[in-house]
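Notes follow the structure.
The values are calculated or read from the model by the stated rules, or taken from the named source; none is laboratory data. Note that this is a predicted model, so its numbers are computed, not measured. Note: ideal-geometry Cβ built from the backbone for every residue, glycine included; neighbour counts use all protein chains shown. The accessibility values were calculated without ligands, DNA or RNA, using every heavy atom of the protein model including side chains. Shrake-Rupley method; radii C 1.70, N 1.55, O 1.52, S 1.80 Å.
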Amino acid sequence: GFKAVELYEAIKERSDGHALALNNIGIGYERLKAFDKALVHYQKALVLQQELENQGEVAKMLNNIGNIYLQKGQKANDKKLFRSALDNYLKSLDILKINEDKNLTARVYNNIGNTYWELRDFEKALPFLLMLPQALLSEK
């Protein structure tokens, strides 16, 4: 966690391990409901994965960031935060159209559907929620 990040930063190593450590800290903060701290770590991990051109991990980071905005939106009942969640989920989905990961794709579909549901846009929510079984059962 924190020690690993300190070591990576001390030796100026920009690696997948560094990004993974940042992501793990973000997960910890998210579980503690410290959403702003989680967001900072997820965003740092995102930047690093983008620099490393690791598109599959970029998609995961965007999903994680979307989850933070969704939870913050639910807590504050703030449509702007829900829109930020959607923006991140849709960017993740764009990457997943190229870098296939059926489990992550299913999670992103679910998250998009849930976010539209929170926005009370049920017509947009339903197609994403109905894509879940197809995403999980696809051969890709």
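Going residue by residue through region 98-116, is there one that turns out to be touching a residue at least 12 places away in the same chain (Cβ under 8 Å), open to solvent by 30 Å² or more (accessible area, probe 1.4 Å) and touching a Ser or Thr at 6+ places or on another chain (Cβ under 6 Å)? Within region 98-116, one or more residues are touching a residue at least 12 places away in the same chain (Cβ under 8 Å), open to solvent by 30 Å² or more (accessible area, probe 1.4 Å) and touching a Ser or Thr at 6+ places or on another chain (Cβ under 6 Å). The residues in region 128-140 that are open to solvent by 60 Å² or more (accessible area, probe 1.4 Å) and either basic (Lys, Arg) or under 17 Å from Asp87 (Cα atoms) (or both) can be counted, and the count is 1. Taken as a whole, the structure places Glu123 among residues that are open to solvent by 40 Å² or more (accessible area, probe 1.4 Å) and at pLDDT 95 or above.
Taking the numbered list (1) more than 23 Å from Leu129 (Cβ to Cβ); (2) without any contact (Cβ under 8 Å) to a residue 40 or more places away in the chain in turn, Arg83 passes all entries but (1).
With respect to Tyr8, determine if the residue is among the aromatic types (Phe, Trp, Tyr), at pLDDT below 95, open to solvent by less than 80 Å² (accessible area, probe 1.4 Å) and over 14 Å from the mean Cα position of the chain (by Cα).
Values: among the aromatic types (Phe, Trp, Tyr): yes; at pLDDT below 95: yes; open to solvent by less than 80 Å² (accessible area, probe 1.4 Å): yes; over 14 Å from the mean Cα position of the chain (by Cα): yes.
Yes; evaluated as a whole, the condition is true for this residue.
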